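Encoded as structure tokens, the structure appears first; notes follow it.
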Amino acid sequence: MNIEIYSMKNAKSNKSFQQKLPQLMAQLNRKNMYVLYTTEIDNDPESLIKAISSSKKSEEKVDTVIVLNAYDSKKSGSVHNVLCQLSGAAFTPAKKLLSELDGNTAQNYAGIISELAVSGEDHANAFSLGDMGKGCEAFCFFCQGIRIIALPDSAASGTDEQTMIKEAIENAALRAPLPDSAVAQSGLSYQIEDISGKKKSGKKRGFIKSVIPMKGDRPAEVIRKLILIAASLTFIVTAGFLINSLVIQPLLEDNMMNDLKDIVSTNVSSRVTVAEANSKSNDKNKSKKKATQSHDWDELQGINKEAVAWVQIPGTTFLNYPVMYHKGDDIDNQYYLYRDIYQNYSGYGSVFIDWRSTGGVNAKNIILHGHHMRDGRMFQNLMGYGTFTGDLYFYSEHPIIYFDTPAGDSDWKIISVYKTNTLDEHGDYFDYLTGEFSSDAEFMNYVYLIRERSLIDCPVDVNEDDQLLSLSTCSYEYNEFRTVVVARKCRPGESSKVDVKKATINSDALWPDVYYGGGAKPKVTSFSKAYKAGEIDWYDGKGNLKGKERNFTLHDAADAAMAADDDDGSSSVSETKIKEKGISFNMNKMTLDNGASSRLTVLWNPDNVADKTITWRTSNVNVADIDADGVVYAMGPGTATITAESKYGYTATCEVKINQPVATLYLDYTSYNFYQGTTIQLTAWVTPSNATNPTLKWSSDNPAIATVDKKGLVKGIAPGQTVIRVRTSNGIEMTCDVNVMPVAQNVG
């Protein structure tokens, strides 16, 4: 919304209003309402009509006009009458003057006025915006695409202009012009009056003069112009950023990838995978097939020797990338997270193998990471398999992943599409980033757990001899979620075709705790138990798996081991009752912001005790509360002690400190114009008033032009423009654009 404010000349409240205007503009800007002009007009009809004509012709397309001090206490008066005439259906004296100012010629004007004089009154497309105080109403008029809000005098209403403007403009923004059928019943009525009077002379400002600060401009006018210039520059910078991120960078990325594909792609007439090449169906009478190499690996690894594979989901728009593997990666550093294959910085980064897949392309579970780019590039296409539920159509179109290496091309059949969390506050963390396994039993339990989580029941068998490929990307169902698509490699001699008609939606897929909001979750046991119970129809292995199963949670050491049946050859766990020797927390101190939450984890000694019953207590529920799952909730600023007690009387304590963060920062001016050698006092304040650390830090972008001390006192050093910043301890920032003007020199 673009706004122009009219104020009547010589009004007593003008000076006070001009001082408060910057703060009002800042408040309106946050609601996408922008004050472009403030204009003083004479208190007569012609001046008002001329101002409206000028607003209609403004370069910035003013769509809302606010008239201050339009009347004292009642709606009668020349301003009100003129606005009624402009918004009425008839051709009135006010419309005649506006038409002439717009360069039009009135036709049969005298005859129209004569007809109106018979009835003596008309109705306007306008309505009341309610009482502004002491019975003084504000009104909204509609005139040729402009909304005109008329406000009463602040002294008469007892309400300051800022409050009236905000209340009236928010009310008017939600209203539309009355339909023709309702104007006579609900619109305002008025008497047609003569608007002739003394004509006021004045020169029309050119565009440059209306934008650039000029000598002789009043301070308020300079502020308006500076704000307009700042807004224009902000628009230009923002537009440049958007063009760069939405157009230029994607274009550069596509050009780089297209050039790379042209360089490393080989011309093959048909795709022969490693599985087909190793098919047992080949016999002496048939020439042995050779696996296709769709990529020139000498060329690709000549560009970067850490390019170890190429991943593609055929038929998707963008998912067709080289795969990097940097052996120096660890939990804190992923080399290709923001580097391309040429090792240059890139916001897109590269597809790369997780450091926990220690065997690289030979790992039991090859974990690939790729960014979820909102423009559809990198791994964004994985979202096509589903968000809160699976997408069978997308899956049926893309059930296969190509994962090619120097050993040859290979196809991988998708077996699971699932969502998982990375934050403890969303529930137990599923340790899906497992690249290697200690036993066949552990591997198959991992497969069981990812299939129980899958949004789609994929018609693909799996056994302990298979190799997995996991594609992981950021997901936004909840904060810091991940979408993971898992496939297993086609076996020697196996067709890459999948009977997708047999795929179904898994209506009981296992999600992290946050999905259930405290409700019941699907029951999940283990591979060995589910297989013995006949609940698994996708396993085609040899059975009799060796080794131990584990839950693949972040706190495996604290989980009870799962019991298995000895008869099927899997591992079993002793059911001896083990009593604890003590408990502790994973942390002794915790600091939270008010309103936040975090989980405390109990560590048991030993970790396989039989009874892990815990009783929770808090020393001050008004500061920190605790639930049955060990989640601490910050209730208010202060300190409290959380205690956990085991069944046999062992306790653990954690001191919890709750801070009250700063929520909002206010600054009394967003722009200021003053002279070199003088000072201005900026005032900032925060809410809530009980913030733990309300400390403010002031700074100047260019101290050579203006300095600022720790209390917000700004001193003009040299002519020019700079920005004064004030920042809270938790990073909230407000700015004031200052213009330091040179001191005028006396001549003669």
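Values as computed for the structure displayed
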quantity: The lone exception for Gly649 - which of (1) in contact with a strand residue (DSSP E or B) (Cβ under 9 Å, 6 or more places away or on another chain); (2) in a loop (DSSP other than H, G, I, E, B) it fails; calculated: (1)
quantity: Any hit, the stretch 168-176, residues being assigned to a loop (DSSP other than H, G, I, E, B), touching a strand residue (DSSP E or B) at 6+ places or on another chain (Cβ under 6 Å) and modelled with pLDDT of 70 or more; calculated: no
quantity: Whichever residue in the stretch 332-357 is open to solvent by 80 Å² or more (accessible area, probe 1.4 Å) and touching a Lys or Arg at 6+ places or on another chain (Cβ under 9 Å) and, among such residues, is nearest to Lys261 (Cα to Cα); calculated: Tyr345
quantity: Enumeration of residues in the stretch 657-676 that are in contact with a Leu (Cβ under 7 Å, 6 or more places away or on another chain) and buried (at least 20 other Cβ atoms within 10 Å of the Cβ); calculated: Ile658, Leu667, Tyr669, Ser671, Asn673
quantity: Residues satisfying the stated conditions in the stretch 313-329, i.e. open to solvent by less than 60 Å² (accessible area, probe 1.4 Å) and either more than 29 Å from the chain's Cα centre (by Cα) or not polar (S, T, N, Q) (or both); calculated: Ile313, Pro314, Phe318, Leu319, Tyr321, Pro322, Val323, Met324, Tyr325, His326, Gly328, Asp329
quantity: Only listed residue being open to solvent by 40 Å² or more (accessible area, probe 1.4 Å) and in contact with a Pro (Cβ under 6 Å, 6 or more places away or on another chain), chosen from Ser78, Ser54; calculated: Ser78
quantity: Filtered residues of the stretch 22-47 (kept if at pLDDT 85 or above and part of a helix (DSSP H, G or I)); calculated: Pro45, Glu46, Ser47
quantity: Any pair with Cβ under 7 angstrom, 6 or more apart, that starts in the stretch 625-645 at a residue that is free of Cβ contacts under 8 Å to residues at least 12 places away in the same chain and ends at one that is open to solvent by less than 50 Å² (accessible area, probe 1.4 Å); calculated: Asp625/Thr618
quantity: Among (1) modelled with pLDDT of 90 or more; (2) crowded, with 17+ Cβ neighbours inside 10 Å, the one test that Arg550 misses; calculated: (1)
quantity: Number of the exception - Glu480 against (1) free of Cβ contacts under 8 Å to residues at least 60 places away in the same chain; (2) touching an Asp or Glu at 6+ places or on another chain (Cβ under 9 Å); (3) under 27 Å from Pro322 (Cα atoms); (4) not hydrophobic (A, V, I, L, M, F, W, C); calculated: (2)
quantity: Matching residues in the stretch 604-624 - criterion: being open to solvent by 50 Å² or more (accessible area, probe 1.4 Å) and either free of Cβ contacts under 8 Å to residues at least 12 places away in the same chain or in contact with a helix residue (DSSP H, G or I) (Cβ under 7 Å, 6 or more places away or on another chain) (or both); calculated: Asp607
quantity: Elements of type helices (runs of 4 or more DSSP H) contained in the stretch 48-139, each with 2 or more residues being modelled with pLDDT of 85 or more and at negative phi; calculated: 78-87, 93-101
quantity: Per-region count, the stretch 487-510, residues more than 30 Å from the chain's Cα centre (by Cα), in a loop (DSSP other than H, G, I, E, B) and hydrophobic (A, V, I, L, M, F, W, C); calculated: 3
quantity: Which numbered condition Lys31 fails, given (1) open to solvent by 20 Å² or more (accessible area, probe 1.4 Å); (2) under 25 Å from Ser99 (Cβ atoms); calculated: (2)
quantity: Members of the stretch 361-408 found to be surrounded by fewer than 19 Cβ atoms within 10 Å (Cβ to Cβ), touching a residue at least 60 places away in the same chain (Cβ under 8 Å) and on the phi > 0 side of the Ramachandran plot, listed by number; calculated: Gly408
quantity: Filter result for the condition that a residue is under 24 Å from Lys225 (Cα atoms), β-branched (Val, Ile, Thr) and not in a strand (DSSP E or B), over Val726, Val743, Val662; calculated: Val743
quantity: Residues (touching a residue at least 40 places away in the same chain (Cβ under 8 Å) and open to solvent by 20 Å² or more (accessible area, probe 1.4 Å)) located in the stretch 1-12; calculated: Met1, Asn2, Ala11, Lys12
quantity: Residues satisfying the stated conditions in the stretch 511-547, i.e. more than 30 Å from the chain's Cα centre (by Cα), surrounded by fewer than 13 Cβ atoms within 10 Å (Cβ to Cβ) and over 17 Å from Glu442 (Cα atoms); calculated: Ala520, Lys523, Ala533, Gly534, Glu535, Asp537
quantity: Residue match in the stretch 154-165 (condition: under 44 Å from the mean Cα position of the chain (by Cα), within 17 Å of His123 (Cβ to Cβ), hydroxyl-bearing (Ser, Thr, Tyr) and open to solvent by 30 Å² or more (accessible area, probe 1.4 Å)); calculated: no
quantity: Selected residue (criterion: farthest from Thr389 (Cα to Cα)) from residues of the stretch 436-486 that are open to solvent by less than 10 Å² (accessible area, probe 1.4 Å), assigned to a loop (DSSP other than H, G, I, E, B) and among the hydrophobic types (A, V, I, L, M, F, W, C); calculated: Val460
quantity: Every residue from the stretch 414-425 that is closer than 24 Å to Ser507 by Cβ and either open to solvent by 20 Å² or more (accessible area, probe 1.4 Å) or in a strand (DSSP E or B) (or both); calculated: Ile414, Ile415, Ser416, Val417, Tyr418, Lys419, Thr420
quantity: One residue from Phe388, Phe394 being part of a loop (DSSP other than H, G, I, E, B), more than 25 Å from Glu442 (Cβ to Cβ), in contact with a helix residue (DSSP H, G or I) (Cβ under 9 Å, 6 or more places away or on another chain) and not hydroxyl-bearing (Ser, Thr, Tyr); calculated: Phe388
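The values are calculated or read from the model by the stated rules, or taken from the named source; none is laboratory data. All values reported here derive from a predicted model rather than from experimental measurement. FYI the Cβ positions are ideal-geometry reconstructions off the backbone, even for glycines, and counts take in every protein chain you see. Heads up: the accessible areas ignore ligands, DNA and RNA and are worked out on the full protein's heavy atoms, side chains in. Shrake-Rupley method; radii C 1.70, N 1.55, O 1.52, S 1.80 Å.
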